[in-house]
Amino acid sequence: MPRHTHQDTDEIQYVISGSGTFWLGDQQREVHPGDLIVIPRGAVHAGSQNTSGEFKVLAVKLPPQAPTDIQFVK
């Protein structure tokens, strides 16, 4: 997923399997099973790129994300 924000939704992602690279703001980090990523509303972030194994995350969005609550950032 390209860089984007959610203005009305906080997001929590829990890495279930695989590993990858995740961007939050201008920081990049490797994520692995058991890692928890907290993305506050309005924060620019980009989806993880798979670097090892099948990459699966559980994403919780509070409050539930409206279909229109995504703004892509160049």
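Listed by first and then second residue, the pairs with beta-carbon distance under 7 Å, at least 6 apart or on different chains, first residue in region 57-70 and touching a residue at least 60 places away in the same chain (Cβ under 8 Å), second surrounded by 12 or more Cβ atoms within 10 Å (Cβ to Cβ), are D69/H6; D69/D8; D69/T9; I70/H4; I70/H6.
Annotation note: Cβ proximity below 7 Å between a residue of region 4-21 that is modelled with pLDDT under 95 and a residue that is of a type in the set (S, T, N, Q) and surrounded by 18 or more Cβ atoms within 10 Å (Cβ to Cβ) (sequence gap 6+ or interchain) occurs for G20/S48; T21/S48. For region 37-74, a tally of residues being over 12 Å from the mean Cα position of the chain (by Cα), of a type in the set (A, V, I, L, M) and surrounded by 12 or more Cβ atoms within 10 Å (Cβ to Cβ) returns 2. Taking only region 51-65 into account, find how many residues are touching a strand residue (DSSP E or B) at 6+ places or on another chain (Cβ under 8 Å) and farther than 14 Å from Q13 by Cβ. Qualifying residue count for the region: 4.
The values are calculated or read from the model by the stated rules, or taken from the named source; none is laboratory data. Here the structure is a predicted model, which is why all the values come from computation and not from measurement. All Cβ positions, glycine included, derive from the backbone under ideal geometry; neighbour counts span all protein chains shown.
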